[in-house]
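**Student:** Supplied in structure tokens, the structure appears directly below.
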Amino acid sequence: MKTEVRQANITEISADLLIVNLFNDGQQPGGATGALDKALGGRIAELIALGDCRGKLGETTLLYSHGALPTPRVLVVGLGKREALDIHAVRTASAKAIASARAAGAKTVASIVHGAGEGGLDPALAAEAVIEASLLESYQMPRQSSDAREQKQVEELILVESRAEQIPFLEQGVHRGHIIADSVILARDLEAQPANIATPTMIADTARQMASEVGLTCTVLAQSDMEALGMGILLAVAKGSDQPPQFVILEHNTKRANELPTVVLVGKGITFDTGGYNLKVISASTMWMMKDDMTGAADVIATLRAAALLDVPLHVVGLAPLTENAIDGGAQKPGDVYRGMSGKTMEVISTDAEGRMILADALAYASRYQPDAVIDVATLTGAIGIALGSQAAGLFTEEDALRDRLLAASAASGERIWPMPMYDEYADAIRSDFADVKNTTSPVKNAGVSTSAKFLQHFTTGYPWAHLDIASMAWTKKARPMYPKGASAFGVRLLVQLLRNW
Ligand code: BES
Ligand code: MN
Ligand code: ZN
């Protein structure tokens with residue numbers, strides 16, 4: 001979708017469809033909507049009086065201008081209660097509006113910037129929100145189908161503003177909204193691609209290419225490099241696969257590493273999770289969904305892209321360990337013991353608890369940056385979905401300051417996370433008789449989320465750390481505004497917000 005800002009009067013703009021808004025307060029429309037109502041001979045006011053257009057958040061009403069305007073269709077989107085208006089309401093309204101515009105078959109859409117006028121929001125932030133939401137709502141997963149049926153899509157979105165002095169702010173917002181949405185889309189595409197396409201090698205190549213385009217430093221460790229570093233726990237997972245493992249390292253502000261705070265992001269990159277010898281037999285018919293078990297890695301790669309293009313004043317490092325969890329004669333087996341980069345040993349109880357294994361060595365690697373914070377993001381456990389459903393991701397940390405930063409970023413981005421406990425007693429359940437720690441309880445018991453976080457904590461030394469379990473958020477089962485069904489890349493918007501607020 002092409003986007004632009006145009007200085008024009010709302011009644012003069014020419015497009016297939018024009019989006020204006022309405023507060024849910026029973027009042028006559030003001031501002032741009034009021035001007036448009038006048039040009040339409042009071043037809044919007046009439047709909048309000050009839051109660052057919054109430055301005056409830058996200059409600060859309062389509063009208064036809066019958067030649068009274070250069071634009072044949074007008075869509076009124078509700079902004080909700082005036083006093084409740086915030087950036088998130090702007091995102092919701094924008095997403096609902098663009099979805100209706102698409103359904104109406106519009107190719108060129110003009111819109112006012114919701115919240116920037118009467119709403120009193122920062123115009124740049126409002127424009128950013130409109131663009132971010134419109135692009136993410138319009139996302140379609142890549143498909144390889146011979147079915148030539150064309151999918152309806154809005155091709156151009158024009159933000160209309162009459163006041164010249166506002167234009168530069170809106171342009172700034174559009175620029176940033178595009179960066180964020182395009183980054184999320186990069187991660188969604190990787191997430192949606194099947195495991196025969198999005199292999200560790202393909203994802204590493206994508207990261208390398210992206211890094212050269214946006215000016216990030218990129219290093220990819222090959223299997224031999226990981227062997228030399230002693231990453232025996234990560235490599236144990238890769239043993240059963242024909243795909244060579246890759247370890248992507250992206251860095252923003254490499255040269256200023258010493259003067260800036262360092263934040264390391266770590267993402268689980270299992271390009272397919274069969275479960276290994278602990279095969280996913282119970283969930284066999286939904287196993288295809290395990291192609292998204294690299295969402296954490298995709299999130300981290302995408303967040304680094306946004307950090308570079310937004311030029312956040314931080315030293316940001318992204319670590320993405322990538323491998324398949326497959327099965328062959330060389331694959332790891334339950335009972336095996338492996339030594340990782342930290343020197344600690346680990347006993348395999350379940351080969352299906354593989355995410356925490358690759359993260360163990362990535363978290364050990366993170367300490368070389370002497371970071372001010374390390375945050376990992378992972379589709380780690382089915383248990384998080386039992387606890388929170390698809391309403392929030394799990395947040396695990398014992399660091400108050402980092403928890404506060406993450407919760408603030410969550411509130412601002414609308415990507416919900418909820419704090420889960422990390423009591424010491426959970427660590428007792430993963431003591432091993434044969435190694436320093438075992439990768440899950442045996443038999444698999446209660447509190448699967450907290451024991452997984454306690455496992456990770458073993459490998460985090462010398463820095464504040466937080467873990468995000470996004471297993472139940474990565475694949476959207478029921479569409480929400482900005483999150484069509486399927487690949488969500490949940491976490492990118494949250495992490496970008498965190499870095500911007502740092
Ligand atoms: N990738 C899965 C977690 C998962 C499950 C994500 C369902 C999305 C939907 C992870 O590797 C896994 O298999 N976890 C096990 C851990 C268990 C063996 C301790 C699980 O949750 O069953
Ligand atoms: Mn697994
Ligand atoms: Zn997994």
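**Student:** Per residue, how much accessible area does the stretch 244-336 have with a 1.4 Å probe, in Å²? Provide the component values of the computation, followed by the final result.
**Tutor:** Numbers: 3080 Å² over 93 residues.
Averaged over the residues of the stretch 244-336, the accessible area is 33 Å².
**Student:** Sticking with this one: Give me the one-decimal nm value for the distance between modelled label points at Asp424 and Arg480, 7 Å along each residue's Cα-to-Cβ direction.
**Tutor:** Each label point is offset 7 Å from its Cα along the Cβ direction, giving 3.6 nm.
**Student:** Assign unit charges at the C-beta atoms only (+1 for Lys and Arg, -1 for Asp and Glu), then state the dipole size of the stretch 33-183 relative to its Cα centre in Debye, rounded to the nearest 20.
**Tutor:** Working: 16 positive and 19 negative charges, 95 e Å.
I would put it at about 460 debye.
**Student:** From the residues Ala453, Pro200, Ala392, which one has its Cα farthest along the dipole of the stretch 183-501 in the positive direction, the dipole being from +1 and -1 charges on Cβ of Lys/Arg and Asp/Glu about the Cα centre?
**Tutor:** Ala392
**Student:** Next question. Antiparallel DSSP bridges in the chain: what percent, to the nearest 5? Before the final figure, lay out each step's value.
**Tutor:** Details: 27 of 71 bridges.
The answer is about 40 percent antiparallel.
**Student:** Also: Dipole of the chain (Lys/Arg Cβ +1, Asp/Glu Cβ -1, origin at the Cα centre): which of Leu125, Ile233, Ser367 lies farthest to the positive side?
**Tutor:** Selected residue: Leu125.
**Student:** Please label the shape of the stretch 153-290 as rounded, prolate or oblate, based on the square roots a ≥ b ≥ c of the eigenvalues of the alpha-carbon gyration tensor (a/c under 1.5 means rounded; beyond that, a/b larger than b/c means prolate, else oblate). Let's see the in-between values first.
**Tutor:** Details: a/c = 3.11, a/b = 1.58, b/c = 1.97.
Oblate.
**Student:** Given the whole protein assembly as supplied and a 1.4 Å probe, what does the accessible area of Ser14 come to in Å², nearest 10?
**Tutor:** Here the residue's solvent-accessible area equals roughly 70 Å².
**Student:** A follow-up question, please. Can you give the accessible area of Glu213 in Å² (nearest 10), computed on protein heavy atoms with a 1.4 Å probe?
**Tutor:** Roughly 130 Å² of Glu213 is accessible to a 1.4 Å probe.
**Student:** How large is the Rg to Rh ratio of the chain when both quantities use alpha carbon positions and Rh follows Kirkwood? Mind dumping the intermediate values first?
**Tutor:** Numbers: Rg = 24.4 Å, Rh = 23.8 Å.
Here the Rg-to-Rh quotient is 1.03.
**Student:** Beyond a 28 Å Cα-Cα separation, which of these cross-linked pairs lie in this structure: Lys96/Lys280; Lys280/Lys445; Lys445/Lys485; Lys239/Lys291; Lys280/Lys485?
**Tutor:** Numbers: Lys96/Lys280 38 Å; Lys280/Lys445 17 Å; Lys445/Lys485 31 Å; Lys239/Lys291 18 Å; Lys280/Lys485 24 Å.
Checking Cα-Cα distances, Lys96/Lys280; Lys445/Lys485 exceed 28 Å.
**Student:** If you line up the Cα atoms of the stretch 380-477 on their principal axes, what length do they span on each, largest first, in Å?
**Tutor:** Per principal axis, max minus min of the Cα coordinates gives 45, 34, 18 Å.
**Student:** Hey, another quick one. Can you sort Thr381, Thr60 by solvent-accessible area, 1.4 Å probe, largest first?
**Tutor:** Numbers: Thr381 15, Thr60 55 Å².
Descending order: Thr60, Thr381.
**Student:** Answer with one residue from Leu498, Pro443, Leu79: the one whose Cα lies farthest towards the positive end of the charge dipole of the chain, charges on Cβ with Lys, Arg +1 and Asp, Glu -1.
**Tutor:** My answer, from the dipole projection, is Leu79.
**Student:** For every helix of n ≥ 4 consecutive DSSP H residues, a contribution of -39,500 (n - 2.57) applies; sum these over the chain, divide by its total residues, and give [θ] at 222 nm rounded to the nearest 500 deg cm²/dmol. Intermediate results must be reported in sequence, preceding the final value.
**Tutor:** Values: 15 runs with 175 residues, N = 502.
Value at 222 nm, helices only, nearest 500: -10500 deg cm²/dmol.
**Student:** OK, next. Starting from the Cα of Glu12, step 7 Å along the direction of its Cβ; do the same at Met287; then give the gap between the two resulting points in nm.
**Tutor:** Inter-label distance under the simple model: 6.4 nm.
**Student:** Using heavy-atom solvent-accessible surface (probe 1.4 Å) with all chains present, what is the largest-first order of Trp475, Trp502? Don't skip to the end; give the middle numbers.
**Tutor:** Working: Trp475 25, Trp502 70 Å².
Correct descending sequence by accessible area is Trp502, Trp475.
**Student:** Is the C-alpha gyration tensor of the stretch 448-489 telling us rounded, prolate or oblate? Criteria: a/c under 1.5 is rounded; beyond that, a/b larger than b/c is prolate, otherwise oblate. Working shown, then result.
**Tutor:** Working: a/c = 4.74, a/b = 2.59, b/c = 1.83.
It is prolate, given that a/c is not under 1.5 and a/b is the larger ratio.
**Student:** Using only the alpha-carbon atoms, how far is helix 492-501 inclined from the longest principal axis of the chain? Give it as 0 to 90 degrees, nearest 10.
**Tutor:** Tilt of helix 492-501: around 80 degrees.
**Student:** Right, next: If you place +1 on the Cβ of every Lys and Arg, -1 on the Cβ of every Asp and Glu, and leave all else neutral, what size is the dipole of the stretch 183-501 about its Cα centre, to the nearest 20 Debye? Can you show the working numbers first?
**Tutor:** Details: 27 positive and 34 negative charges, 137 e Å.
In debye, rounded to 20, the stretch 183-501 gives about 660.
The values are calculated or read from the model by the stated rules, or taken from the named source; none is laboratory data. Bear in mind the structure is a predicted one, so any value in this text is a computation, not a measurement. Cβ coordinates were reconstructed from backbone atoms using ideal geometry, including for glycine residues, and neighbour counts include every protein chain displayed. The area values use the complete protein model at the heavy-atom level, side chains included, leaving out ligands, DNA and RNA. Shrake-Rupley method; radii C 1.70, N 1.55, O 1.52, S 1.80 Å.
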